[in-house]
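The values are calculated or read from the model by the stated rules, or taken from the named source; none is laboratory data. Because the structure is a prediction, the values reported are computed rather than measured. Ideal geometry is used to build each Cβ from the backbone, glycine not excepted, and the neighbour counts take in all protein chains shown.
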Amino acid sequence: MVFQQEAAYALASWQRFDANITDQLARAITSAFALVAVADGDLAQSEIDGFMALIREQEDLLAPLNIDRVELRFRDIAGAILSDPSAGHSHALELIAAVAGNAIHCELVRSAAEIAIAADNRELSSEQEVLQEICGALGIAVRSGD
């Protein structure tokens, strides 16, 4: 299935990453995760718990990230998006756009969004729309599923 291949590619991108992750990149990655998580307009505690379980399962790949800080940022950004959807969404995209121009960082942010989409084993059209917005903020193309 193409979707599973995309998720595998996203995880492989993280395996190739060996530089230190900057705070700016961590905010962009967390924003991408949060935008995907709230793409359906809701964020239940079970989704937060499931998302963090996925992140913790991949902790060895995401080692440059402080997982506890990621969780706090994720909750803050997702909460902001849910409490004021327009402003929160815009702010998350601004945090993502801050890494535009750095090809490695853009790939990691796009891959983070793809991992988040794969997290619940279902692919929603709203999640794909958010992925397109994320890639637009980064100035890169959505990876083709072909």
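Below is a table of values for the structure above.
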quantity	calculated
Single residue of Ala100, Ala112, Ala78 found to be assigned to a loop (DSSP other than H, G, I, E, B) and of a type outside the set (D, E, K, R)	Ala100
The stretch 116-135 - residue that is polar (S, T, N, Q) and modelled with pLDDT of 80 or more and, of those, surrounded by the fewest Cβ atoms within 10 Å (Cβ to Cβ)	Ser125
Criterion (among the polar types (S, T, N, Q) and modelled with pLDDT under 80) met by exactly one of Asn102, Asn66	Asn66
Residues of the stretch 104-137 satisfying the condition of being free of Cβ contacts under 8 Å to residues at least 24 places away in the same chain and small (Gly, Ala, Ser)	Ser125, Gly136
